[in-house]
Amino acid sequence: MSLFSKLFKRKFQGNYALSLDIGTEFIKALVFGTGPEERKREVIGVGRQRQRMGDMQAGAVTDISGVVRSCSRAIAKAEEMCGIRPDQVIIGIAGELVKGSTTTVHYERLDPKSKIDLPELQNIVHKVQWKAFDTIRKQLSWETGQPEIDVKLINAAIVDVRIDGYRISNPLGFQGKEVSVGIFNAYAPLIHLGALETIASDLDLDLLSIVAEPYAVAKCMEIEDNLDFSAIFMDIGGGTTDIAVVRNGGMEGMRMFGLGGRAFTKRISQELEVSFTEAEETKIKYANKMLSPRLEGNIKNLLKGDLEVWLSGVELSLSEFSSLELLPSKILLCGGGSVLPGIEESLGSKKWIQKLPFAHQPKIRYILPEDILSIRDKTGLLVDPQDITPMALANLALDLAGEKSTLSRILGRVVKMVQT
């Protein structure tokens, strides 16, 4: 069975599994299992391992064997904590060539008085998916300058269904003239997916799924349960900044750019003429306000230019959303890089948003582990924004195990057809 068949056929089985956040700077592994409540997961083991400098670049694996070694160490720490060795894993993926957006198709029915049935609905969903696939391939071809980039669909979710302008959850049995279906799709290059499959195989783990991390982070806030929920999610890691825009309870799209916490560490290393390890320690102390006032002021000044470049990346990413609607005025931060003091301060400035369609100055807050209601941390070690992504991956195991709606089952069948 190919990797891409596995991505949509594996189910969360047994009592325990692993979530693996393979970041540019750190690998984070969580052992989680079924809690006493039906829709809860309990984290019982946590492991972290710093990556070697050459193993990852901008969220993408560059040395498979090196990443496998680091993953093994992180997993061993998590397993030692709980005394359990799971054999299934869900892995996150990020990087500049991981793309996600919502595609909407407006379908005019020949017989408005007839009721919508399964074959007709499957045909509509099929049209949406082929349109989305063609759009993504053209976008990647333009960005990379290569005529063909082999991409595969990794996540898909129906975010909006309307009949004659009225929003509904299940169109079966309805009558009407115009049906509109919006589907969010996330795609990743085959080369990156293949690397993660190899890592799972070398770790002797059964691959539950590979998930776009911005999608997982947004989903962990249970956005579908609130049709009024709109926000911009920013996951700032070591090598990338991942952005997802959610509007009215549905994913509109995601963008990623290759600038994260490692760039700030390199700047400190260069300017203070210290090793990368010492620079990282200094950055962490700076974030925790553990430096002398003089050194703190020095670090703040030397990072100013890098923060301006990072903020330009945020501005450019948000400008790519083609919707004529206003951008959500709520920004939710997570990831280890998000705690750098200049990040929140930069986003709180008024200058950067002037070219973007915000109604007013966005409100900024951090996502904390207690915000993920479907996950209970029994270790007491998940305490800050850097722990959100592996928790969000564990949360998606609930979707893999849960019952699917009629629309989701249809989407799943169409996804398999598109992949083959």
For the chain, one quarter of the surface area of the C-alpha convex hull, expressed in nm², comes to 21.0 nm²
Would you calculate, for the chain, the mean residue ellipticity at 222 nm contributed by helices, counting each DSSP H stretch of 4 or more residues as -39,500 (n - 2.57) and dividing by all residues, to the nearest 500? -12000 deg cm²/dmol
Just want the ordering: Val217, Val339, from fewest to most Cβ atoms lying within 10 Å of their own Cβ. Val339, Val217
Given contacts defined as C-alpha pairs under 8 Å and at least six residues apart, what's the relative contact order of the range 27-117, whole-number percent? 27 percent
Simple Cβ-charge dipole of the range 222-366, Lys/Arg +1 and Asp/Glu -1, about Cα centre, in debye nearest 20: 560 debye
As I understand it, the value is the acute angle between the Cα axis of helix 388-401 and the longest principal axis of the Cα atoms of the chain; what does it come to in degrees, rounded to 10? 30 degrees
Taking the Cα centre of each part, how many Å lie between the range 208-280 and the range 50-107? 14 Å
Coarse-grained scattering of the range 222-366 at q = 0.09, 0.13, 0.14, 0.18 Å⁻¹, given as base-10 log I(q)/I(0) from a Debye sum over alpha-carbon atoms: -0.30, -0.59, -0.67, -1.01
Rg/Rh (Cα only; Kirkwood hydrodynamic radius) as it applies to the range 157-266: 1.08
Tell me which of Gly305, Gly194, Ala156 sits at the most positive position along the dipole axis of the chain, charges placed on C-beta atoms (Lys, Arg +1; Asp, Glu -1). Ala156
Rank these for me by crowding, Tyr166, Tyr107, going from fewest to most other beta carbons within 10 Å. Tyr166, Tyr107
Directionally averaged shadow of the range 155-218, computed from the convex hull of its alpha-carbon atoms, nm²: 6.4 nm²
Positive-pole candidate from Pro341, Val125, Ser19, dipole of the chain, charges at beta carbon: Val125
Roughly how big is the chain's charge dipole about its Cα centre, with Cβ charges of +1 (Lys, Arg) and -1 (Asp, Glu), in debye to the nearest 20? 360 debye
Report, in listed order, any pair from Lys283/Lys304; Lys300/Lys363; Lys131/Lys330; Lys77/Lys219 with a Cα-Cα distance greater than 21 Å. Lys300/Lys363; Lys131/Lys330; Lys77/Lys219
Relative to the longest principal Cα axis of the chain, at what angle does helix 261-272 sit, 0 to 90 degrees, rounded to 10? 20 degrees
Taking only Cα atoms, what is the 0 to 90° angle, nearest 10, from helix 190-202's long axis to the longest principal axis of the chain? 70 degrees
Contact order normalised by residue count of the range 222-366, Cα under 8 Å, 6+ apart, percent: 26 percent
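Bear in mind that the values in this text are calculations on the coordinates, not laboratory data. Model, not experiment: these values are computed from the prediction. For neighbour counting, all protein chains shown are included, and Cβ atoms are generated from backbone atoms with ideal geometry for every residue, glycine included.
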